[in-house]
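The values are calculated or read from the model by the stated rules, or taken from the named source; none is laboratory data. Predicted, not measured: the structure shown is a model, and the values here were computed from it. Reconstructed Cβ throughout: ideal geometry from the backbone, glycine too, with neighbour counts over all protein chains shown. Accessible surface is based on the protein model in full, side chains and every heavy atom, while ligands, DNA and RNA are left aside. Shrake-Rupley method; radii C 1.70, N 1.55, O 1.52, S 1.80 Å.
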Amino acid sequence: MFLAIYRKTLGDLSEPKAILTYLVVFAAVLWFLLLGFTNNEIPDAVADLPLAEQELELLAAYVPLAWLWGVGIGLLAAGSLFVALTLATEADRGTLDLLLSKPVRRWEVLFATFLANVSFLFAVGVASLLLVAVFLYQMGGFSAAALGEGVFAVLPATLLYLLVVCALVNAVGMAASVATRNRLQTAAVTAVVPVLFLVLFVARLVPGSIYEDYYLYAVDVSYHLGNVYALLLGAVGGPMPVELQAQLGFWAGVYEVPGGQGMPEESLELVGYVDPAVSLALCLLLTGGLLAAALVKFQRLDV
(Lines give C-alpha, C1' and ligand atoms only; values in the text may rest on other atoms or scores of the structure.)
Protein backbone atom coordinates (compact mmCIF):
# COMPACT_ATOMS: atom_id res chain seq x y z
CA MET A 1 0.00 0.00 0.00
CA PHE A 2 2.84 2.39 0.88
CA LEU A 3 4.49 2.03 -2.53
CA ALA A 4 1.15 2.21 -4.34
CA ILE A 5 0.30 5.53 -2.67
CA TYR A 6 3.84 6.82 -3.24
CA ARG A 7 3.68 6.02 -6.96
CA LYS A 8 0.17 7.45 -7.35
CA THR A 9 1.15 10.70 -5.62
CA LEU A 10 4.21 11.08 -7.84
CA GLY A 11 1.99 10.48 -10.85
CA ASP A 12 -0.49 13.13 -9.70
CA LEU A 13 2.34 15.64 -9.23
CA SER A 14 4.02 14.89 -12.56
CA GLU A 15 1.64 17.03 -14.58
CA PRO A 16 3.65 18.27 -17.59
CA LYS A 17 1.79 21.59 -17.91
CA ALA A 18 2.31 22.46 -14.23
CA ILE A 19 6.00 21.57 -14.37
CA LEU A 20 6.52 23.48 -17.62
CA THR A 21 4.73 26.54 -16.19
CA TYR A 22 6.97 26.48 -13.14
CA LEU A 23 10.14 26.16 -15.22
CA VAL A 24 9.14 29.01 -17.55
CA VAL A 25 8.34 31.35 -14.64
CA PHE A 26 11.48 30.23 -12.81
CA ALA A 27 13.69 30.86 -15.85
CA ALA A 28 12.11 34.28 -16.53
CA VAL A 29 12.71 35.53 -12.99
CA LEU A 30 16.19 33.98 -12.97
CA TRP A 31 17.06 35.84 -16.17
CA PHE A 32 15.92 39.12 -14.57
CA LEU A 33 17.96 38.45 -11.42
CA LEU A 34 21.03 37.57 -13.47
CA LEU A 35 20.85 40.88 -15.30
CA GLY A 36 21.56 42.55 -11.98
CA PHE A 37 24.23 40.03 -10.98
CA THR A 38 26.12 40.18 -14.27
CA ASN A 39 26.06 43.98 -14.28
CA ASN A 40 27.01 44.52 -10.63
CA GLU A 41 28.63 41.38 -9.18
CA ILE A 42 30.59 39.81 -12.05
CA PRO A 43 33.61 41.57 -13.62
CA ASP A 44 33.63 42.36 -17.32
CA ALA A 45 35.58 39.92 -19.50
CA VAL A 46 35.56 37.41 -16.66
CA ALA A 47 36.64 34.66 -19.07
CA ASP A 48 40.02 36.42 -19.42
CA LEU A 49 40.74 36.09 -15.69
CA PRO A 50 42.90 33.25 -14.34
CA LEU A 51 40.91 30.07 -13.72
CA ALA A 52 41.15 30.34 -9.92
CA GLU A 53 39.65 33.85 -10.02
CA GLN A 54 36.89 32.73 -12.37
CA GLU A 55 36.01 29.88 -10.01
CA LEU A 56 35.83 32.26 -7.07
CA GLU A 57 33.66 34.75 -8.96
CA LEU A 58 31.33 31.98 -10.13
CA LEU A 59 31.10 30.50 -6.62
CA ALA A 60 30.35 33.91 -5.07
CA ALA A 61 27.51 34.41 -7.57
CA TYR A 62 26.10 30.86 -7.68
CA VAL A 63 25.62 30.29 -3.93
CA PRO A 64 23.55 33.46 -3.25
CA LEU A 65 21.44 32.84 -6.36
CA ALA A 66 20.87 29.23 -5.29
CA TRP A 67 19.86 30.44 -1.81
CA LEU A 68 17.62 33.32 -2.98
CA TRP A 69 15.87 31.73 -5.95
CA GLY A 70 17.04 28.23 -6.83
CA VAL A 71 16.22 26.77 -3.40
CA GLY A 72 14.63 29.95 -2.06
CA ILE A 73 11.53 31.91 -2.93
CA GLY A 74 10.94 30.15 -6.24
CA LEU A 75 11.08 26.60 -4.90
CA LEU A 76 9.21 27.46 -1.68
CA ALA A 77 6.38 29.01 -3.67
CA ALA A 78 6.27 26.00 -6.00
CA GLY A 79 6.24 23.66 -3.01
CA SER A 80 3.24 25.43 -1.49
CA LEU A 81 1.32 24.90 -4.73
CA PHE A 82 2.40 21.34 -5.50
CA VAL A 83 1.72 20.05 -1.98
CA ALA A 84 -1.88 21.25 -2.28
CA LEU A 85 -2.36 18.96 -5.28
CA THR A 86 -2.03 15.76 -3.26
CA LEU A 87 -3.68 15.01 0.09
CA ALA A 88 -5.79 18.18 0.23
CA THR A 89 -7.04 17.66 -3.33
CA GLU A 90 -7.98 14.05 -2.55
CA ALA A 91 -9.94 15.32 0.46
CA ASP A 92 -11.66 17.94 -1.73
CA ARG A 93 -12.73 15.26 -4.20
CA GLY A 94 -13.89 12.85 -1.52
CA THR A 95 -11.48 10.11 -2.60
CA LEU A 96 -9.52 10.44 0.66
CA ASP A 97 -12.59 9.48 2.70
CA LEU A 98 -13.13 6.51 0.41
CA LEU A 99 -9.53 5.38 0.91
CA LEU A 100 -9.63 5.81 4.69
CA SER A 101 -12.87 3.82 4.93
CA LYS A 102 -10.88 0.77 3.81
CA PRO A 103 -8.60 -1.24 6.12
CA VAL A 104 -5.45 0.79 5.46
CA ARG A 105 -2.84 2.01 7.91
CA ARG A 106 -3.26 5.76 8.01
CA TRP A 107 0.37 6.45 8.81
CA GLU A 108 1.28 4.76 5.53
CA VAL A 109 -1.06 7.08 3.63
CA LEU A 110 0.35 10.19 5.28
CA PHE A 111 4.03 9.32 5.08
CA ALA A 112 3.85 7.89 1.56
CA THR A 113 2.25 11.14 0.43
CA PHE A 114 4.84 13.20 2.32
CA LEU A 115 7.80 11.27 0.87
CA ALA A 116 6.36 11.51 -2.64
CA ASN A 117 5.99 15.28 -2.23
CA VAL A 118 9.55 15.59 -0.93
CA SER A 119 10.91 13.41 -3.75
CA PHE A 120 9.10 15.40 -6.40
CA LEU A 121 10.08 18.81 -5.01
CA PHE A 122 13.68 17.61 -4.60
CA ALA A 123 13.77 16.67 -8.30
CA VAL A 124 12.32 20.07 -9.20
CA GLY A 125 14.95 21.69 -6.98
CA VAL A 126 17.78 19.81 -8.69
CA ALA A 127 16.49 21.02 -12.06
CA SER A 128 16.28 24.56 -10.66
CA LEU A 129 19.87 24.45 -9.41
CA LEU A 130 21.09 23.21 -12.77
CA LEU A 131 19.22 26.05 -14.49
CA VAL A 132 20.89 28.55 -12.17
CA ALA A 133 24.31 27.11 -13.10
CA VAL A 134 23.57 27.08 -16.85
CA PHE A 135 22.15 30.61 -16.92
CA LEU A 136 25.00 31.97 -14.80
CA TYR A 137 27.58 30.24 -16.99
CA GLN A 138 26.03 31.58 -20.20
CA MET A 139 25.16 35.12 -19.08
CA GLY A 140 28.24 35.60 -16.92
CA GLY A 141 30.67 34.58 -19.64
CA PHE A 142 32.62 32.09 -17.54
CA SER A 143 34.79 29.37 -19.04
CA ALA A 144 33.52 25.80 -18.72
CA ALA A 145 36.50 24.83 -16.56
CA ALA A 146 35.29 27.20 -13.81
CA LEU A 147 32.18 25.08 -13.24
CA GLY A 148 34.18 22.49 -11.30
CA GLU A 149 35.04 24.58 -8.25
CA GLY A 150 32.47 27.29 -8.93
CA VAL A 151 29.38 25.04 -8.91
CA PHE A 152 30.03 21.32 -8.53
CA ALA A 153 32.29 21.65 -5.48
CA VAL A 154 29.39 23.04 -3.42
CA LEU A 155 26.77 20.75 -4.94
CA PRO A 156 26.81 18.10 -2.14
CA ALA A 157 26.16 20.75 0.55
CA THR A 158 23.58 22.44 -1.66
CA LEU A 159 21.71 19.16 -2.20
CA LEU A 160 21.64 18.52 1.56
CA TYR A 161 20.28 22.02 2.05
CA LEU A 162 17.71 21.37 -0.68
CA LEU A 163 16.56 18.25 1.17
CA VAL A 164 16.08 20.21 4.41
CA VAL A 165 14.04 22.86 2.58
CA CYS A 166 11.89 20.28 0.75
CA ALA A 167 11.14 18.41 3.97
CA LEU A 168 10.27 21.62 5.85
CA VAL A 169 7.87 23.11 3.30
CA ASN A 170 6.16 19.77 2.72
CA ALA A 171 5.76 19.19 6.46
CA VAL A 172 3.95 22.53 6.63
CA GLY A 173 1.85 21.46 3.66
CA MET A 174 0.98 18.07 5.17
CA ALA A 175 -0.11 19.66 8.45
CA ALA A 176 -2.20 22.22 6.56
CA SER A 177 -3.74 19.51 4.37
CA VAL A 178 -4.86 17.44 7.34
CA ALA A 179 -6.11 20.48 9.27
CA THR A 180 -8.04 22.16 6.44
CA ARG A 181 -8.78 19.30 4.00
CA ASN A 182 -9.00 22.00 1.34
CA ARG A 183 -6.44 22.59 -1.39
CA LEU A 184 -6.84 26.38 -1.57
CA GLN A 185 -6.47 26.77 2.17
CA THR A 186 -3.54 24.36 2.17
CA ALA A 187 -1.77 26.40 -0.51
CA ALA A 188 -2.50 29.63 1.38
CA VAL A 189 -1.17 28.30 4.69
CA THR A 190 1.95 26.79 3.13
CA ALA A 191 2.57 30.01 1.18
CA VAL A 192 3.29 31.69 4.54
CA VAL A 193 6.80 30.17 4.30
CA PRO A 194 7.88 31.92 1.04
CA VAL A 195 6.02 35.10 2.07
CA LEU A 196 7.96 35.28 5.34
CA PHE A 197 11.16 34.58 3.40
CA LEU A 198 10.54 37.48 1.01
CA VAL A 199 9.06 40.03 3.42
CA LEU A 200 11.68 39.61 6.13
CA PHE A 201 14.48 39.42 3.57
CA VAL A 202 13.40 42.87 2.38
CA ALA A 203 12.95 44.10 5.97
CA ARG A 204 16.51 43.09 6.79
CA LEU A 205 17.86 45.13 3.87
CA VAL A 206 15.94 48.28 4.86
CA PRO A 207 18.23 50.75 6.68
CA GLY A 208 17.48 51.19 10.37
CA SER A 209 17.26 49.05 13.46
CA ILE A 210 13.67 47.78 13.20
CA TYR A 211 14.86 44.29 12.24
CA GLU A 212 16.92 43.97 15.41
CA ASP A 213 14.74 46.04 17.76
CA TYR A 214 11.68 43.86 17.13
CA TYR A 215 13.64 40.58 16.98
CA LEU A 216 12.37 39.90 13.47
CA TYR A 217 15.27 37.53 12.92
CA ALA A 218 13.54 35.05 15.22
CA VAL A 219 10.88 34.41 12.55
CA ASP A 220 12.96 35.33 9.51
CA VAL A 221 12.81 32.25 7.29
CA SER A 222 15.45 33.70 4.96
CA TYR A 223 17.93 34.23 7.80
CA HIS A 224 17.42 30.79 9.35
CA LEU A 225 17.72 29.05 5.98
CA GLY A 226 20.82 31.12 5.21
CA ASN A 227 22.26 29.95 8.51
CA VAL A 228 21.52 26.33 7.59
CA TYR A 229 23.08 26.72 4.14
CA ALA A 230 26.22 28.34 5.57
CA LEU A 231 26.52 25.58 8.18
CA LEU A 232 26.24 22.82 5.57
CA LEU A 233 28.65 24.56 3.20
CA GLY A 234 31.24 24.75 5.94
CA ALA A 235 30.62 21.23 7.23
CA VAL A 236 30.63 19.46 3.85
CA GLY A 237 32.81 21.68 1.70
CA GLY A 238 35.32 22.94 4.24
CA PRO A 239 36.28 26.57 4.99
CA MET A 240 34.49 29.10 2.81
CA PRO A 241 36.36 31.85 0.94
CA VAL A 242 35.90 35.24 2.56
CA GLU A 243 34.34 36.51 -0.69
CA LEU A 244 31.58 33.90 -0.42
CA GLN A 245 31.07 34.73 3.25
CA ALA A 246 30.65 38.39 2.27
CA GLN A 247 27.97 37.47 -0.26
CA LEU A 248 26.11 35.34 2.29
CA GLY A 249 26.50 38.21 4.72
CA PHE A 250 24.88 40.71 2.36
CA TRP A 251 22.13 38.49 0.95
CA ALA A 252 21.32 36.10 3.80
CA GLY A 253 22.52 38.21 6.73
CA VAL A 254 24.64 35.38 8.11
CA TYR A 255 28.04 37.12 8.34
CA GLU A 256 29.18 40.55 9.46
CA VAL A 257 30.22 42.45 6.34
CA PRO A 258 32.88 45.13 6.95
CA GLY A 259 31.63 48.62 6.27
CA GLY A 260 34.90 49.88 4.80
CA GLN A 261 36.80 48.82 1.73
CA GLY A 262 39.05 46.39 3.55
CA MET A 263 38.17 42.69 3.69
CA PRO A 264 39.72 40.24 6.17
CA GLU A 265 42.00 37.68 4.57
CA GLU A 266 40.83 34.66 6.56
CA SER A 267 37.20 34.72 7.69
CA LEU A 268 34.25 36.92 8.59
CA GLU A 269 32.46 36.78 11.92
CA LEU A 270 28.93 35.39 12.15
CA VAL A 271 26.22 37.95 12.84
CA GLY A 272 25.15 35.67 15.66
CA TYR A 273 21.45 36.45 16.03
CA VAL A 274 20.98 32.68 16.14
CA ASP A 275 23.68 30.03 15.99
CA PRO A 276 23.59 28.16 12.64
CA ALA A 277 23.32 24.81 14.47
CA VAL A 278 20.26 26.14 16.30
CA SER A 279 18.68 27.21 13.00
CA LEU A 280 19.22 23.70 11.61
CA ALA A 281 17.78 22.15 14.78
CA LEU A 282 14.74 24.45 14.55
CA CYS A 283 14.11 23.41 10.93
CA LEU A 284 14.39 19.71 11.79
CA LEU A 285 12.26 20.02 14.95
CA LEU A 286 9.62 22.01 13.09
CA THR A 287 9.54 19.41 10.31
CA GLY A 288 9.24 16.53 12.75
CA GLY A 289 6.76 18.33 14.99
CA LEU A 290 4.45 19.26 12.14
CA LEU A 291 4.51 15.70 10.79
CA ALA A 292 3.76 14.31 14.24
CA ALA A 293 0.86 16.74 14.70
CA ALA A 294 -0.45 15.88 11.22
CA LEU A 295 -0.26 12.17 12.01
CA VAL A 296 -2.19 12.55 15.28
CA LYS A 297 -4.89 14.59 13.54
CA PHE A 298 -4.96 12.20 10.58
CA GLN A 299 -5.43 9.17 12.83
CA ARG A 300 -8.47 10.83 14.42
CA LEU A 301 -10.21 11.92 11.21
CA ASP A 302 -13.82 10.77 10.92
CA VAL A 303 -14.92 9.38 7.58
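Going through A28, A66, A4 one at a time, which residue ends up being surrounded by 17 or more Cβ atoms within 10 Å (Cβ to Cβ) and either not hydrophobic (A, V, I, L, M, F, W, C) or not in a loop (DSSP other than H, G, I, E, B) (or both)? Reasoning before the result, please.
Numbers: A28 fails: surrounded by 17 or more Cβ atoms within 10 Å (Cβ to Cβ); A4 fails: surrounded by 17 or more Cβ atoms within 10 Å (Cβ to Cβ).
Criteria check complete, one pass: A66.
In the range 36-53, what residues are assigned to a helix (DSSP H, G or I), farther than 21 Å from L75 by Cβ and open to solvent by 10 Å² or more (accessible area, probe 1.4 Å)?
Our first condition is that a residue be assigned to a helix (DSSP H, G or I); within the range 36-53, this holds for 36-40, 46-48, 51-53.
From the residues that got through so far, the ones that are farther than 21 Å from L75 by Cβ too are 38-40, 46-48, 51-53.
If the condition is that a residue be assigned to a helix (DSSP H, G or I), farther than 21 Å from L75 by Cβ and open to solvent by 10 Å² or more (accessible area, probe 1.4 Å), then T38, N39, N40, A47, D48, L51, A52, E53 are the ones that fit.
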*Report yes if L301 is within 16 Å of G72 (Cβ to Cβ), surrounded by fewer than 14 Cβ atoms within 10 Å (Cβ to Cβ) and either modelled with pLDDT under 95 or of a type in the set (D, E, K, R) (or both), otherwise no.*
no
_Matching residues, the range 93-131, being open to solvent by 40 Å² or more (accessible area, probe 1.4 Å) and either touching a Pro at 6+ places or on another chain (Cβ under 7 Å) or not in a helix (DSSP H, G or I) (or both)_ = S101, K102, P103, R105
_Checking E90 against (1) under 30 Å from S177 (Cα atoms); (2) charged (D, E, K, R); (3) open to solvent by 40 Å² or more (accessible area, probe 1.4 Å), only one condition comes out false. Which one?_
(3)
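Only one residue in D220, D275 is of a type in the set (D, E) and either under 17 Å from the mean Cα position of the chain (by Cα) or surrounded by 16 or more Cβ atoms within 10 Å (Cβ to Cβ) (or both), so which one is that?
Details: D275 fails: either under 17 Å from the mean Cα position of the chain (by Cα) or surrounded by 16 or more Cβ atoms within 10 Å (Cβ to Cβ) (or both).
After applying the criteria, what remains is D220.
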*Members of the range 201-254 found to be in a loop (DSSP other than H, G, I, E, B) and farther than 29 Å from Q54 by Cα, listed by number*: V206, P207, G208, S209, Y214, Y215, D220
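Pick out the one residue from L59, L75 that is part of a helix (DSSP H, G or I), touching a helix residue (DSSP H, G or I) at 6+ places or on another chain (Cβ under 6 Å) and open to solvent by less than 10 Å² (accessible area, probe 1.4 Å). Talk me through it step by step, then tell me what you get.
Numbers: L59 fails: open to solvent by less than 10 Å² (accessible area, probe 1.4 Å).
Selected residue: L75, the only one of L59, L75 that is part of a helix (DSSP H, G or I), touching a helix residue (DSSP H, G or I) at 6+ places or on another chain (Cβ under 6 Å) and open to solvent by less than 10 Å² (accessible area, probe 1.4 Å).
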*Determine the pairs where a residue that is under 16 Å from V109 (Cβ atoms), located within the range 278-303, has a partner that is surrounded by fewer than 16 Cβ atoms within 10 Å (Cβ to Cβ) and of a type outside the set (G, A, S) with Cβ atoms under 7 Å apart, the partner being 6 or more residues away or on another chain.*
L295/W107; F298/R106; Q299/R106; V303/D97
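Within the range 7-25, can you find the residues that are open to solvent by less than 70 Å² (accessible area, probe 1.4 Å) and not acidic (D, E)? If you could, list the steps in order and put the result at the bottom.
First, pick out the residues of the range 7-25 that are open to solvent by less than 70 Å² (accessible area, probe 1.4 Å): 9-14, 18-19, 22-23.
Hits for the range 7-25 are T9, L10, G11, L13, S14, A18, I19, Y22, L23.
In the set V228, V254, V199, V206, which member is hydrophobic (A, V, I, L, M, F, W, C), modelled with pLDDT of 95 or more and open to solvent by 10 Å² or more (accessible area, probe 1.4 Å)?
Details: V228 fails: open to solvent by 10 Å² or more (accessible area, probe 1.4 Å); V254 fails: open to solvent by 10 Å² or more (accessible area, probe 1.4 Å); V206 fails: modelled with pLDDT of 95 or more.
When all the criteria are applied, what remains is V199.
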